Amino acid sequence: MSDPHPSAPAAGIEFSEELRALSERYQERPASLGEVLDALGPRASALLIVICALPFSTPVSIPGLSTPFGLVILILATRYFFGLPPWLPGRLRRVVLPGSFFTRVLGASSKLVGWLERRLSHRVRILVNAPWKLRFHTGIVIFSALLLMLPLPPLPPFTNTLPALVAVVMTFSVLERDGAGVLAGYGLFAFTVGYFVFWGAVVVETFNRYGGKLLALLERLL
């Protein structure tokens with residue numbers, strides 16, 4: 001079984017270098033998710049999770065992809081959680097990324113990726129020194145993918161950005177065996193859940209206050 005989070009990056013290659021290689025490989029032609037998954041090698045699950053999350057954690061705008069990309073993250077993270085190899089159903093494997101996708105993602109995310117790569121190291125090893133612990137931490141990525149998949153309107157803001165950042169930080173931290181990064185991922189996830197709960201309470205309060213009047217107005221109009 002291929003391990004999506006091997007004990008060390010393959011041949012010392014950093015994720016930014018792999019993303020740059022993909023950008024060069026697919027800069028002039030589209031690529032399906034299945035083709036990209038097959039090209040990523042032993043770290044396929046982790047790298048594709050980060051690739052699918054980066055567009056929503058950076059200023060680059062790719063509308064209409066939060067649900068399918070969230071589903072990709074959900075499937076890959078869930079399979080890793082249960083110790084299964086990387087796999088996507090045929091329909092998702094056939095999702096086509098535009099020729100400029102990796103160039104745009106690389107341009108928008110290079111600072112974030114570089115910042116993470118410079119700061120992640122082997123710290124707080126007790127949190128990342130066993131395969132079952134790594135799989136446990138991936139549960140946060142699963143919940144983040146579910147939040148990313150929610151068909152929410154543009155307002156309130158950051159409802160895609162925060163879950164995507166959680167997925168990126170946690171996956172990077174597990175990939176690099178950084179227990180301190182894992183703790184940061186849990187903290188960011190707690191903030192994200194609080195953010196969603198806050199705005200959910202605002203919506204409920206607004207409906208309770210004005211919903212009855214709005215329904216009454218609609219009844220009169222109809």
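The values are calculated or read from the model by the stated rules, or taken from the named source; none is laboratory data. Predicted model, so just to flag it, every value in this text is computed and none were measured. Virtual Cβ from ideal backbone geometry, glycine too; neighbours counted across all protein chains shown.
General observations
- Test result for Gly187, modelled with pLDDT of 90 or more and either small (Gly, Ala, Ser) or part of a helix (DSSP H, G or I) (or both): yes
- If you filter the range 35-70 down to residues that are more than 19 Å from Phe172 (Cα to Cα) and touching a Pro at 6+ places or on another chain (Cβ under 9 Å), you find that the one that is modelled with the lowest pLDDT is Ser61.
- Cβ-Cβ under 9 Å pairs, at least 6 apart or on other chains, the range 170-188 side without any contact (Cβ under 8 Å) to a residue 60 or more places away in the chain and within 8 Å of Leu120 (Cα to Cα), far side in a helix (DSSP H, G or I) and β-branched (Val, Ile, Thr): Ser173/Val182
- Looking only at the range 94-110, residues that are under 17 Å from the mean Cα position of the chain (by Cα) and part of a helix (DSSP H, G or I) come to 8 in all.
- Single residue of Ser2, Ser23 found to be at pLDDT below 80 and of a type outside the set (A, V, I, L, M, F, W, C): Ser2
- Answer from Leu92, Leu162, Leu97, Leu150 - the residue that is closer than 19 Å to Leu188 by Cα, crowded, with 17+ Cβ neighbours inside 10 Å and of a type in the set (A, V, I, L, M, F, W, C): Leu162
- Of all the residues in the range 23-44, those that are out of contact with any Ser or Thr (no Cβ under 6 Å at 6 or more places or on another chain) and assigned to a loop (DSSP other than H, G, I, E, B) number 5.
- Residue among Val128, Val166, Val124 that is in contact with a Gly (Cβ under 7 Å, 6 or more places away or on another chain) and on the phi > 0 side of the Ramachandran plot: Val124
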